[in-house]
Amino acid sequence: MHEKCGVVGVALEDRPAARPIYYALYALQHRGQESAGIVTHDGFQQHGHVEMGLVGEAFDEGDIADLAGQVGIGHVRYPTAGSVDSACAQPFSVSFKSGSLGLSHNGNLVNTDVLRSELADLGHAFTSDGDTEVIAHDLARNLLEEDLVEAVETTMGRIHGSYALTIAHDDRVLGVRDPEGNRPLVLGRLEDGYVLASESAAIDTLGGELVRDVRPGEAIVLDPDGTDYTAHQLVERERTGHCFFEWVYFARPDSIIDDRLVYDVRRDLGRALYEESGVESDVVMPVPDSGRAFASGYAEAADEAEFAEGLMKNRYVGRTFIMPTQDEREQAVRLKLNPISNTIDGKDVTIIDDSIVRGTTSTQLVELLRDAGAESVHVRIGAPPIVAPCYLGIDMASREELIAADRSVDEIRETIGADSLAYLSVDAVADAIGFDRDDLCLGCVTGEYPYEIAGEATDRDLDLPDRHVADAD
Ligand code: AMP
């Protein structure tokens, strides 16, 4: 299961948490459109509401009013082809001997099977095949003997993979980021409380200020009365494995992730793209919306080329990946983008996008631009070719579906029908993000991951968790 999601956690001094969580989920809607959910705690009991659909569809006024309590967590879940399933909607919640537990997870564990079967042998019953439930059961088990932070530390010693979590254990909310820091998680301060969220844009939406990123391997516990928090560095690694694709595609441009404003990174990526493989043309145009910041950086570096919006986006069409079949995906590109003929007719056109996954979008766009009268179509991509799947939470298609998995750049150019095609180098990506390339997860573009994944190569000496539940007793 590939879950690319958004998580939130809130503790307030003197007002219900449900509404700010609801707003924060709205701000994170781009991270997941399949389901939305909120779990709160009022000091006595837990309340929850989880539903399929967009945030605006999942809650009405009554639902928000019923979610009593000044602390809570929220979740939006990304749609994945074929697995539109309410059993996987989150937050996951469970009541057990030492209290109630709610869990929101962004990321993907890569040792779930081992853990699930170990826990099942110990008598734990599972209701879904998701990895979040495995984390919840493991935590619930530890909480019988340990306090919250110790229990989280023990679980972190067993799970391997990517996770940014917000957890509600009774009236305590905490945020946890995996030791590689693969998925983003930030801490923000509100006038009357604290908030944890996948992206800083959610904090802005609540009128708060960004305190800092939750550090890789760190847990941050919010005081139930919203007045303070405590930080616990539970696992330390020499190197991080931040997902580069968050900056390239997934996160909002107005979010700051690990100290870098996503918009700035994308503009720098665009500039680097021109420096590495600029081509002379009459107009430079973005593939909206994801290519916009890249194209403005590229056009600025190109100097004399005109920057034009030549493709109009129908903003009511969701991300193309919501379409489960190839036919539907192809139709969706035409539904989503329509060319403005005047800016294209008789011109040499360069289009800029952030990435090519299956090649559907670029193939359709090249055809669309030629139909609109383009003399030539040059495609520039602000990331390296995606050659391998993502196991850490981004729905990136399987190897067989990835257009770059077994083709050279020139073969891809031919397949998509462009006059020229160039991608950005891995080093330029690392430079623009501002991290050493060894501190990024580049698995989908190098085929080497900062995690142990069956059948795949790794790019480092791994500090693997002790995955035997029995040993930890
Ligand atoms: P494709 O048409 O399969 O080549 O996908 C590339 C297009 O989808 C680009 O315009 C990207 O902006 C966008 N994209 C890239 N990665 C993803 C993803 N994981 N989920 C949804 N859309 C994506």
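Overview of results
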| read-out | value |
| --- | --- |
| Matching entry among G278, G188, G175 (being within 25 Å of T40 (Cα to Cα), away from the ligand (no atom under 16 Å from the Cβ) and either of a type in the set (D, E) or surrounded by fewer than 24 Cβ atoms within 10 Å (Cβ to Cβ) (or both)) | G188 |
| Residue in the stretch 183-190 that is among the aliphatic types (A, V, I, L, M), in a strand (DSSP E or B) and within 15 Å of A27 (Cβ to Cβ) present | yes |
| Tabulated pairs, the stretch 169-186, first farther than 22 Å from D438 by Cα, second surrounded by fewer than 24 Cβ atoms within 10 Å (Cβ to Cβ) and among the hydroxyl-bearing types (S, T, Y), C-beta under 8 angstrom, 6+ apart or interchain | H169/S100; D170/S100 |
| Search result, residues across the stretch 41-63 that are under 15 Å from R19 (Cα atoms) and either touching a Gly at 6+ places or on another chain (Cβ under 7 Å) or surrounded by 19 or more Cβ atoms within 10 Å (Cβ to Cβ) (or both) | H41, D42, H47, G48, H49, V50, V55, A58, F59 |
| From the options V429, V349, V377, residue that is within 24 Å of R252 (Cβ to Cβ) and either near the ligand (Cβ under 10 Å from one of its atoms) or outside any loop (DSSP other than H, G, I, E, B) (or both) | V429 |
| Boolean, I381 is modelled with pLDDT of 95 or more, at negative phi and touching a Lys or Arg at 6+ places or on another chain (Cβ under 9 Å) | no |
| Count of the stretch 260-275 residues which are of a type in the set (V, I, T) and surrounded by fewer than 19 Cβ atoms within 10 Å (Cβ to Cβ) | 0 |
| Condition check for Y423: of a type in the set (F, W, Y), within 16 Å of the ligand (Cβ to nearest atom) and modelled with pLDDT under 95 | no |
| Any hit, the stretch 242-262, residues being in a strand (DSSP E or B), within 16 Å of the ligand (Cβ to nearest atom) and either aliphatic (A, V, I, L, M) or modelled with pLDDT of 95 or more (or both) | yes |
| First in the stretch 259-271 and more than 12 Å from F244 (Cβ to Cβ), second anywhere and outside any helix (DSSP H, G or I) and among the aliphatic types (A, V, I, L, M), Cβ under 7 Å, 6 or more apart | G270/I352 |
| Odd one out for D289, checked against (1) free of Cβ contacts under 8 Å to residues at least 40 places away in the same chain; (2) more than 15 Å from the ligand (Cβ to nearest atom); (3) surrounded by fewer than 18 Cβ atoms within 10 Å (Cβ to Cβ) | (2) |
| One residue from I356, I403, I453 being within 16 Å of the ligand (Cβ to nearest atom) and under 30 Å from D259 (Cα atoms) | I356 |
| Residues (buried (at least 24 other Cβ atoms within 10 Å of the Cβ) and among the β-branched types (V, I, T)) located in the stretch 240-255 | V248 |
| Selection count where residues are surrounded by fewer than 20 Cβ atoms within 10 Å (Cβ to Cβ) and away from the ligand (no atom under 13 Å from the Cβ), scope the stretch 388-399 | 1 |
| Given (1) touching a residue at least 12 places away in the same chain (Cβ under 8 Å); (2) over 30 Å from G346 (Cα atoms); (3) among the acidic types (D, E), index of the condition E375 fails | (2) |
| Residues satisfying the stated conditions in the stretch 352-363, i.e. outside any strand (DSSP E or B) and either in contact with a strand residue (DSSP E or B) (Cβ under 8 Å, 6 or more places away or on another chain) or not assigned by TED's automatic domain parsing to the domain that holds S296 (or both) | D354, S355, I356, T361, S362 |
| Among (1) farther than 16 Å from G291 by Cβ; (2) within 13 Å of the ligand (Cβ to nearest atom) - the single one S362 does not satisfy | (1) |
| Helices (runs of 4 or more DSSP H) lying entirely in the stretch 109-162 (those with 1 or more residues that are surrounded by fewer than 20 Cβ atoms within 10 Å (Cβ to Cβ)) | 112-121, 148-156 |
| Criterion (in the same structural domain as L196 (by TED's automatic domain parsing) and closer than 21 Å to E452 by Cβ) met by exactly one of D147, D138, D121 | D138 |
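Results for (1) assigned to a loop (DSSP other than H, G, I, E, B); (2) modelled with pLDDT under 95; (3) touching a helix residue (DSSP H, G or I) at 6+ places or on another chain (Cβ under 6 Å); (4) within 25 Å of C5 (Cβ to Cβ), shown as yes or no for each residue.
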{"position": "E401", "(1), (2), (3), (4)": "yes, yes, no, yes"}
{"position": "D406", "(1), (2), (3), (4)": "yes, no, no, no"}
{"position": "I453", "(1), (2), (3), (4)": "yes, yes, no, yes"}
{"position": "D461", "(1), (2), (3), (4)": "yes, yes, no, no"}
{"position": "D466", "(1), (2), (3), (4)": "yes, yes, no, no"}
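The values are calculated or read from the model by the stated rules, or taken from the named source; none is laboratory data. All values derive from a computational prediction rather than experimental measurement. All Cβ positions, even for glycine, are placed from backbone atoms using ideal geometry, and neighbour counts span all protein chains on display.
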